[in-house]
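The values are calculated or read from the model by the stated rules, or taken from the named source; none is laboratory data. None of these values were measured; they are calculated from a predicted model. Positions of Cβ are generated from backbone atoms using ideal geometry, with glycine treated the same way; all protein chains shown enter the neighbour counts. Please note that ligands, DNA and RNA were not included when accessible areas were found on the heavy atoms of the full protein model with its side chains. Shrake-Rupley method; radii C 1.70, N 1.55, O 1.52, S 1.80 Å.
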Amino acid sequence: MSPSLVVSARHTHAVTHRRGRRRRMVVASSGGAPPPKLATFLGKGGSGKTTAAAVAAQYYASEGFKTCLVTQSQDPTAEQLMGCKIGNSLTECATNLSTIKLETSKMLLEPLDRLKKVDAQVNFTQGILEGIVGEELGVLPGMDSICSVLTLQKLLNFFSAGRSGSQPEFDVVVYDCNNTEEILRLVGATDRARSYLRYVRDLAEKTDMGRLASPSLLKLIYDAARPNGKTSEGRLSTEIWNEIEQLLERVSVWFANPSNLACFLVMDPRRSIAVSSALRYWGCTTQAGGQICGAFGYTEDPSEMHQEVAQNFMPLSFSLLPFLSNDSSVDWSRALSLLSQNTKEQLRNTSTRVYPSVSFDSVQKSVTPFMPGFDKSEIKLYQYRGVSELLIEAGDQRRVIKLPPAMQGKVGGAKFVDRNLIVSIR
């Protein structure tokens with residue numbers, strides 16, 4: 001059978017129209033690999049990240065995947081590109097395509113309401129929480145990131161990764177984040193949170209103050225969040241701590257899998273600063289524990305120059321996105337017809353050549369982290385926990401590399417060669 005005639009069951013959807021009518025729609029697909037569950041774009045400001053996100057969302061939807069474009073900025077560019085108003089609740093923008101804008105001031109209300117309901121049962125704050133008016137609360141630094149994760153969890157349900165019978169609402173979510181640094185924090189958040197959790201648990205279980213206050217506080221927060229749909233009723237604090245640790249480990253593995261989270265670089269290949277920024281973000285993403293799955297050039301005047309730029313990003317696939325004007329509505333049928341086959345394969349992750357972020361050579365007894373975009377003067381290497389792990393600091397990210405038992409030992413030396421830090425172990 002011709003691949004173009006293959007119809008996947010996942011591409012049969014019930015579509016709700018604005019007038020409330022429902023109809024079954026079957027979309028033919030190439031039958032290739034599914035797209036990543038969460039796609040996002042990294043690059044220098046003004047390099048075309050929002051445009052790339054809009055193109056990706058429109059492409060996934062045209063392929064029959066239930067797609068959601070998530071934006072976080074008050075900049076109206078996404079609305080102009082998509083040709084629809086993007087509000088703080090899910091809005092159907094086109095067939096298979098929904099949009100939502102994250103507004104933290106409004107998203108604060110739901111978790112506060114959950115805390116109030118649980119507190120009313122356990123009376124932990126003795127009515128203090130009930131007196132807080134959520135609509136009066138302003139947004140503090142860090143709240144945007146926390147609320148964004150909670151929204152992405154609702155859309156993708158990665159807290160329940162690997163559990164049967166819990167399917168996410170969308171096949172793919174395209175996340176147009178405010179800035180690249182926030183994405184980098186998101187990529188490494190759960191792995192870093194596991195380290196903090198160990199210290200918090202020690203305080204809760206090994207200090208007099210912790211043993212007194214932590215059981216009630218832990219149950220208040222757990223029952224408000226209910227990450228697995230459970231409550232703390234009848235459960236010991238030890239069980240809850242263990243479950244939280246397992247949850248963070250599961251989510252960390254989820255984010256490290258490029259079939260779940262695909263990060264793409266975007267740049268104007270004519271601007272050297274945009275190219276340099278993309279290279280740096282490649283290294284920072286690797287440091288954070290993520291994978292870059294491809295690089296895109298976005299420019300009004302494509303030329304042969306992008307071939308030379310593409311060499312800087314080997315072994316990543318590199319392709320050009322069609323240039324879209326923000327001054328007028330986009331003809332998406334025409335725009336999608338301009339996508340090259342290479343671009344489509346990148347967006348579907350079928351052309352991804354995953355380069356290992358670290359390799360181990362037991363014969364030479366060496367560890368080689370891959371660190372593109374960095375100069376050797378920017379890299380610092382430490383050993384804080386005996387001989388079992390390395391700590392590498394670069395790009396405002398700290399990365400822990402656990403050594404295999406057969407290779408554990410003190411660092412004998414290190415050298416930086418062709419984007420690789422080669423560390424010899426004694």
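As a fraction of the 1.4 Å probe accessible area of the chain, surface on carbon and sulfur atoms comes out at 52 percent. Bridging of Lys206 to lysines at a Cα separation below 24 Å is possible for Lys219, once same-chain residues fewer than 8 apart are set aside. The label-point distance for Ser73 and Val253, in a model that sets each label 7 Å from Cα toward Cβ, rounds to 3.6 nm.
Taking amide H positions as modeled 1.01 Å from N, with prolines and chain starts lacking one, the residues under 5 Å from Ser317 and 5 or more places away or on another chain are Ala295, Arg353. Annotation: lysines with alpha-carbon distance below 30 angstrom to Lys37 (same-chain offsets under eight excluded): Lys49, Lys66, Lys85, Lys101, Lys106, Lys154, Lys230, Lys344, Lys402.
Tell me, what is the FRET efficiency for Met314 and Val417 to the nearest 0.05, using R0 = 22 angstrom and their Cβ-Cβ distance as r?
Values: r = 16 Å, r/R0 = 0.72.
Calculated transfer efficiency: 0.90.
In terms of its C-alpha gyration tensor, the range 358-425 has an oblate overall shape, because the principal axis ratio a/c (a ≥ b ≥ c, square roots of the eigenvalues) is not below 1.5 and a/b does not outweigh b/c. Once backbone amide H atoms are built at 1.01 Å from N, Asn260 has Lys37 as its partners under 5 Å, excluding neighbours fewer than 5 places away on the same chain. Rounded to the nearest 500, the helix-only mean residue ellipticity at 222 nm of the chain stands at -11500 deg cm²/dmol, with each DSSP H run of n ≥ 4 adding -39,500 (n - 2.57). Quick one: length gained pulling Asp331 to Arg426 fully straight, 0.36 nm per residue minus the C-alpha distance? Using 0.36 nm per residue and subtracting the Cα-Cα distance, I get 28.1 nm. Using a simple spin-label model with pseudo-atoms 7 Å out from Cα toward Cβ, Phe360 and Lys410 lie 2.1 nm apart. Which aspartates and glutamates, on any chain, are close to Lys365 with Cα under 16 Å apart, when same-chain ones fewer than 8 places away are left out? Within the straight-line limit of under 16 Å, Lys365 reaches these aspartates and glutamates: Glu389.
Leaving ligands, DNA and RNA out of it, rank Arg192, Arg426, Arg226, Arg398 by accessible area with a 1.4 Å probe, largest first. Mind showing how you got there, number by number?
Details: Arg192 70, Arg426 165, Arg226 115, Arg398 145 Å².
The most accessible residue leads, giving Arg426, Arg398, Arg226, Arg192.
In a reduced charge model with +1 at each Lys and Arg Cβ and -1 at each Asp and Glu Cβ, the chain shows a dipole moment near 1060 debye about its Cα centre. Find the centroid of the Cα atoms in the range 187-223 and in the range 54-109, then give the distance between the two in whole Å. Computed from Cα coordinates, the inter-centre distance equals 35 Å. With the charge dipole of the chain set up from +1 on Lys and Arg Cβ and -1 on Asp and Glu Cβ about the Cα centre, the Cα lying farthest toward the positive end among the listed residues Leu236, Ser276, Leu155 is that of Leu236.
With r as the distance between the Cβ atoms of Asn242 and Arg385 and R0 = 25 Å, compute the FRET efficiency 1/(1 + (r/R0)^6) and round to 0.05. Step by step, r from the Cβ atoms, then E = 0.65. Rounded to the nearest 0.05, what FRET efficiency is calculated for Met209 and Glu103 with R0 set to 30 Å and r the Cβ-Cβ distance? For Met209 and Glu103, the calculated efficiency is 0.20. Quote the relative contact order of the range 358-425 in percent (integer), defining contacts as alpha-carbon pairs under 8 Å separated by 6+ residues. Computed over the range 358-425, the figure is 34 percent. Shown for the chain: cysteine residues without a partner Cβ closer than 4.7 Å, namely Cys68, Cys147, Cys177, Cys263, Cys284, Cys293.
Rolling a 1.4 Å probe over the protein heavy atoms gives the range 187-314 an accessible area of 49 Å² per residue. Based on protein heavy atoms only, the range 358-425 ends up with 55 Å² per residue of surface accessible to a 1.4 Å probe.
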